[in-house]
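A.B. asks: Have a look at the structure that comes next, please.
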Amino acid sequence: MGDELSSLNDIEQTDKRHVFGTWSFQSEVSPTQVVGGDGARFTTADGEEYIDFSGQLMCSNLGHSADGVADAIAEQAREGAYFAPGFTTEARARLGEKLADVTPGALTKTFFSTSGTEAVEAAIKIARFYTGKQKIISRYRSYHGATAGSISVTGDPRRLPAEPSVPGAIKAPDPYAYGSTLEPMESLEYIDEMLELEGDTVAAVLVEPIVGSNGILVPPEEYLPELKRIAHDHGALLICDEVMSGFGRTGEWFGSDVFDVTPDIMTMAKGLTGAYAPLGATIVTPEIADHFEDEMFCHGHTYAGHPVACAAGLAAVETYEEENLIERASEIGDILGERLAELAADHPSVGEARGVGLFRGLELTRSADERVPFGKRADKISTGTTVVDEVAARARDHGVYVANMINTLIIAPPLVLTEADLDRGIEALDAALEHSDAQMEG
Ligand code: PLP
């Protein structure tokens, strides 16, 4: 480990020795110490400032200096940091009420956990308890979490080392016009047929309304309403996983709002607190909530409804409202969309620019005609770097942090991004994409 450590400062070396890097071969982990942030920028220990073009893990929707949320956390920690879930606090009750208000339709009652993973685990259990059925249909290009149940319903390659999955987790194709052999609406017919062939045994169909880490896949307008109809026709619920697509990311409160759909169960995390505290939430319709009046809600955690996390959530939702951040995301998101389309036109290695609001992706290609990817699904669980990793590293050399997953650069900045920082971000991507252009075939 000696040579690899020499470029790291003392804290980074200590971290590398004693803390696991996530989803990584540990020999390849190289942690960077961050010392602060302001708006859509953050600063590392070596004094470099970066524009956060991915809101860290597509979660820092409020940027890095939302003082209202920080104050709410400090106040709650002083007043009473923790009480068991059998007690309540004003923050928990008011946040439950707020979520019933900002989520679509009549969604009304929430279970609070501490992560997106746990929000999905709760959704799976609730769907199974409510319907009395076991199977969950989810899609191949999806990420729903890291624990046994949520990784089983995850389609992306991170699932593979964790298999065999829990029983009843079935995968369907995705609405992915650029890279799938099926047209998006054909993939929906496929799900219809799966539901028919599975008989009356499917509890729920679970989807990200707009797929996040698996490449920012936006389905056609009619896809999600049709999916809900198909699921209901077969006695299955629709679960929308809004962990990444929620809280203004799409220019609407939720990805489901983009398609005017109210799911039966919705999961949230990330932007729920603007990433100021770990909080997950699973909200359900009144019918599902009523079911548990006389049936046991057989689920819970020590930190369910943690007062500090709920105080952060309440302050975050109030910040989205008071600062009109959802509308802002829509407006600046349109500008971002135009600028990314220009990049796609200028750089032959950008196969497709897609997305909505501040939830966008650039899919790269080695060969524009053949749509050959630089990064393959298997690379996600292999050692070494891909050309897409190298493009992201070059953007960082130009002062912009951008996340990349498999073959797509994911552009999901804080909703407080200024136009000047947007311009700087685009300039850095413009420079970095010269690298992938140079690696193309022919
Ligand atoms: N669901 C979706 C759609 C996600 O994007 C993620 C994380 O990226 C999760 C669930 C898991 O959330 P967490 O990492 O907070 O456990």
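A.B. asks: Just from its helices, what would the mean residue ellipticity at 222 nm be for the chain, if runs of 4 or more DSSP H residues each count -39500 (n - 2.57) and the sum is divided by every residue, rounded to the nearest 500 deg cm²/dmol? Write down the numbers at each step before the final one.
C.D. replies: Numbers: 15 runs with 173 residues, N = 442.
My calculation for the chain gives -12000 deg cm²/dmol from helical runs alone.
A.B. asks: For the chain, what does the accessible surface come to per residue with a 1.4 Å probe? Please give it in Å². Don't skip to the answer; put the middle values down first.
C.D. replies: Working: 18700 Å² over 442 residues.
Roughly 42 Å² per residue, with all protein chains present.
A.B. asks: Given C-alpha coordinates of the chain, what is the ratio Rg to Rh with the Kirkwood estimate of Rh? Walk me through the numbers on the way to the answer.
C.D. replies: Values: Rg = 21.4 Å, Rh = 22.4 Å.
Ratio of gyration radius to Kirkwood radius for the chain: 0.96.
A.B. asks: At a probe radius of 1.4 Å, what is the per-residue accessible area of Leu362, in Å² to the nearest 10?
C.D. replies: The accessible area of Leu362 comes to roughly 0 Å².
A.B. asks: Say we join alpha carbon atoms closer than 10 Å with springs in a Gaussian network model of the chain; which of Asp101, Asp421, Asp156 then has the biggest fluctuation?
C.D. replies: Ranking Asp101, Asp421, Asp156 by mean-square fluctuation puts Asp101 first.
A.B. asks: Okay, moving on. Test of understanding: given the chain, find the longest segment containing no GluC sites (Glu not before Pro) that are in a DSSP loop and have at most 13 other Cβ atoms within 10 Å. Could the numbers behind the result be given before it?
C.D. replies: Working: sites that count: Glu48, Glu221, Glu222, Glu295, Glu370, Glu441.
Maximal segment without exposed cleavage sites: 49-220.
A.B. asks: Further, regarding this structure: Quick query: amide H of Ala204 versus all other amide H atoms, modeled in the peptide plane; which residues come in under 5 Å with a sequence gap of 5 or more or a different chain?
C.D. replies: Ile137, Leu237
A.B. asks: Please list, in chain and number order, the residues 5+ apart from Glu352 or on another chain whose amide H is under 5 Å from its amide H, with Hs placed from the backbone.
C.D. replies: So Glu352 has HN proximity to Glu363.
A.B. asks: Can I ask one more? Mind listing the phi-derived Karplus ³J(HN,Hα) values for segment 17-31, rounded to whole Hz, using 6.51, -1.76 and 1.60 with θ = phi - 60°, and x for any glycine or proline?
C.D. replies: 3J(HN,Hα) across segment 17-31, in whole Hz: 5, 10, 10, 5, x, 7, 6, 9, 6, 5, 5, 8, 6, 9, x.
A.B. asks: What list of ³J(HN,Hα) couplings, whole Hz, do you get for segment 303-309 from phi and the Karplus terms 6.51, -1.76, 1.60, once you set θ to phi - 60° and write x for glycine and proline?
C.D. replies: Each residue of segment 303-309 in turn: 9, 5, x, 3, x, 5, 5 Hz.
A.B. asks: Normalised by the number of residues in segment 10-79, what is the relative contact order in percent for Cα pairs under 8 Å and 6+ residues apart?
C.D. replies: Values: 61 pairs, mean separation 14.8, N = 70.
The value is 21 percent.
A.B. asks: Now for a different question. Where is the GNM fluctuation largest for the chain (alpha-carbon springs, 10 angstrom cutoff): Gly39, Gly63, Gly21?
C.D. replies: Of Gly39, Gly63, Gly21, the Gaussian network model singles out Gly21 as fluctuating most.
A.B. asks: Which ³J(HN,Hα) values, rounded to whole Hz and listed in residue order, are derived for segment 371-377 from phi using the Karplus coefficients 6.51, -1.76 and 1.60 in 6.51 cos²θ - 1.76 cosθ + 1.60 with θ = phi - 60°, glycine and proline given as x?
C.D. replies: With the stated coefficients, segment 371-377 comes to 6, 7, x, 7, x, 9, 4 Hz.
A.B. asks: Could you please put Lys98, Lys125 in sequence from largest to smallest accessible area, using a 1.4 Å probe? If you can, show how the numbers build up before the last one.
C.D. replies: Numbers: Lys98 45, Lys125 70 Å².
Sorted by accessible area, descending: Lys125, Lys98.
A.B. asks: Further question: If the limit is 29 Å between Cα atoms, which of Lys171/Lys270; Lys16/Lys125; Lys16/Lys380; Lys98/Lys228 go over it?
C.D. replies: Lys16/Lys125
A.B. asks: Another question, then. Looking at Ala162, Leu224, Ala312, which one has the Cα that reaches farthest to the positive end of the dipole of segment 67-322 (charges on Cβ: Lys, Arg +1; Asp, Glu -1)?
C.D. replies: Ala162
A.B. asks: At most 15 other Cβ atoms within 10 Å and a DSSP loop assignment: could you name the chymotrypsin sites (Phe, Trp or Tyr not before Pro) in segment 87-139 that fit? Present the calculation step by step, with values, prior to reporting the outcome.
C.D. replies: On the way: sites: Phe87, Phe111, Phe112, Phe129, Tyr130; in loops: Phe87.
Those that pass, being in a loop and sparsely packed, are Phe87.
A.B. asks: May I pose another question? Could you state the principal axis extents of the C-alpha atoms in segment 67-322, from the largest down, to the nearest angstrom?
C.D. replies: Cα spread of segment 67-322 along its principal axes, largest to smallest: 55, 39, 37 Å.
A.B. asks: Another question, then. Where the accessible area of segment 67-322 is counted over protein heavy atoms with a 1.4 Å probe, how much of it, in %, is carbon and sulfur? Display every interim value, and only then the final one.
C.D. replies: Values: 5010 of 9900 Å².
It is 51 percent, rounded to a whole number.
A.B. asks: Amide H of Gly305: which non-local residues (sequence gap of 5 or more, or other chain) have their own amide H closer than 5 Å, using H built in the peptide plane?
C.D. replies: Counting only residues 5 or more places away or on other chains, the set is Phe112, Ser113.
The values are calculated or read from the model by the stated rules, or taken from the named source; none is laboratory data. In this text the structure is predicted, and so the values were computed from the model without any measurement. In this analysis, Cβ positions are derived from the backbone assuming ideal geometry, glycine residues included, and neighbour counts consider all displayed protein chains. What goes into the accessible areas is simple: the full protein's heavy atoms, side chains included, and nothing from ligands, DNA or RNA. Shrake-Rupley method; radii C 1.70, N 1.55, O 1.52, S 1.80 Å.
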